[in-house]
1. Go over the candidates Leu86, Leu90, Leu112 one by one and state the one that is within 20 Å of Leu136 (Cα to Cα) and assigned to a helix (DSSP H, G or I).
2. Select from region 208-243 the residues that are β-branched (Val, Ile, Thr) and either in contact (Cβ under 8 Å) with a residue 40 or more places away in the chain or surrounded by 15 or more Cβ atoms within 10 Å (Cβ to Cβ) (or both) and list them in ascending order.
3. If you scan region 122-153, which residues turn out to be assigned to a loop (DSSP other than H, G, I, E, B) and closer than 16 Å to Lys179 by Cα?
4. Testing Gly177 on (1) touching a Leu at 6+ places or on another chain (Cβ under 8 Å); (2) not in a helix (DSSP H, G or I), one condition comes back false. Which one is that?
5. Among residues belonging to region 1-54 that are among the charged types (D, E, K, R) and not in a helix (DSSP H, G or I), point out the one that is nearest to Thr83 (Cα to Cα).
6. State all residues of region 228-261 that are farther than 15 Å from Leu13 by Cα, among the aliphatic types (A, V, I, L, M) and within 16 Å of the ligand (Cβ to nearest atom); if no residue qualifies, say none.
7. Report yes if some residue within region 154-163 is part of a strand (DSSP E or B), within 16 Å of the ligand (Cβ to nearest atom) and in contact with a Leu (Cβ under 9 Å, 6 or more places away or on another chain); otherwise report no.
8. Condition test on Phe133, is it within 16 Å of the ligand (Cβ to nearest atom), in contact (Cβ under 8 Å) with a residue 12 or more places away in the chain and of a type in the set (A, V, I, L, M, F, W, C)?
Amino acid sequence: MIDTFAQDVLNGLTANNKYLSSKYFYDDNGSRIFQEIMNMPEYYPTNAEFEILSMQSKQIIEALKFIGPFNIVELGAGDGFKTFKLLEYLVSNNVDFHYIPIDISQEAIDMLSTRLKKKLPSLKIHPKVGDYFKILKENRKSDYPSLLLFLGGNIGNYKKEEAIDLLGLIHKNMKIGDKLLIGVDLKKNPIIIHNAYYDKHGITKRFNLNLLLRINRELGADFKIDDFDFYCHYNPITGDVKSYIISLTKQTVYIKTLDKHITFDYNELIWTELSKKYSPDEISNLAKASHFKPITNFLDCKHYFADSLWEKM
Ligand code: AVI
């Protein structure tokens, strides 16, 4: 029996057009490289979303129209860096709410809780580690309405049908009247997007090639990293940033766990990631396709990024 990672690698590398899923980027090393990406000046989503949550907390909370206490449930809370300003605003205005950060990483949740308890001692925090949907299902039983946070623009990493499936699942696990605040990267000057993903420092290249190192380590493969390169391309019409690993030579790689030889042609591509950008109209359509009612978009001053507020009807 091989595990899901091994099976997905086998399916992807034996397909006619090779692919690997970007969800496998985030091993410990990959998560560290992603932190480096978020700290690059060219990677605008981090600052843009931080600005929205820092400057428009009041407007966001007013738009919820919740009467009385409520829950804030954050999917994939991570280090909680973005959410801090929103929480700080609520605590300093004595708003009655409970914060329920969810993450798959125990380490991330522990760090977040320790930090928040220190910085916002009166915050009512109930951290959870594990499956989003199980925890959301539990949360449905709460007497209070909920604001779900799905920040960072992660929805852009899903193809249309996958995004609708995921949002549909989130919708199913919400109560009528609950709200979802979802981070979505916007279509904009293509050069800005190009520079954020095809970065001159080569950090995004390292992020992609780390996936081959992970396959070497976890599945006993013998990828020679120097024989591969990285390419990415933004299509301003569709809004798709597509990232690829390129094989620089005709070569064969052996994957021990799969007992499989994979051959690569000269310049053959492995598609690794989709980072989709949306227009405001496309955001509304995505909300409706997943059975939500779009309420409003909160944008940063440069209109690079949106935190879009939706309601479960
Ligand atoms: C996690 N996700 C929203 C990032 C993005 O922008 O698609 C991952 C990433 N890939 C390359 N740079 C950042």
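1. Working: Leu86 fails: within 20 Å of Leu136 (Cα to Cα); Leu90 fails: within 20 Å of Leu136 (Cα to Cα).
On inspection, the qualifying residue turns out to be Leu112.
2. Residues of region 208-243 that are β-branched (Val, Ile, Thr), as a first pass: 215, 225, 237-238, 241.
Result: Ile215, Val241.
3. Step one: list which residues in region 122-153 are assigned to a loop (DSSP other than H, G, I, E, B), which gives 122-123, 126-127, 130-131, 140-145, 151-153.
If the condition is that a residue be assigned to a loop (DSSP other than H, G, I, E, B) and closer than 16 Å to Lys179 by Cα, then Arg140, Lys141, Ser142, Asp143, Tyr144, Pro145, Leu151 are the ones that fit.
4. (1)
5. The initial filter retains those residues of region 1-54 that are among the charged types (D, E, K, R), namely 3, 8, 18, 23, 27-28, 32, 36, 42, 49, 51.
Within this subset, residues satisfying the condition of being not in a helix (DSSP H, G or I) are 3, 18, 27, 42.
Numbers: Asp3: 34, Lys18: 37, Asp27: 23, Glu42: 21 Å.
Among them, the one singled out is Glu42.
6. Within region 228-261, just Val241 meets the criteria.
7. To start, the set of residues in region 154-163 that are part of a strand (DSSP E or B) comprises none.
No, every residue in region 154-163 fails to be part of a strand (DSSP E or B), within 16 Å of the ligand (Cβ to nearest atom) and in contact with a Leu (Cβ under 9 Å, 6 or more places away or on another chain).
8. Details: within 16 Å of the ligand (Cβ to nearest atom): no; in contact (Cβ under 8 Å) with a residue 12 or more places away in the chain: yes; of a type in the set (A, V, I, L, M, F, W, C): yes.
No, not satisfied.
Readers should treat all values here as calculations from the given coordinates under stated rules, not as data from a laboratory. Since the model is a prediction, treat every value here as computed from it, not as a measurement. Positions of Cβ are backbone-derived with ideal geometry, glycine not excepted, and every protein chain shown enters the neighbour counts.
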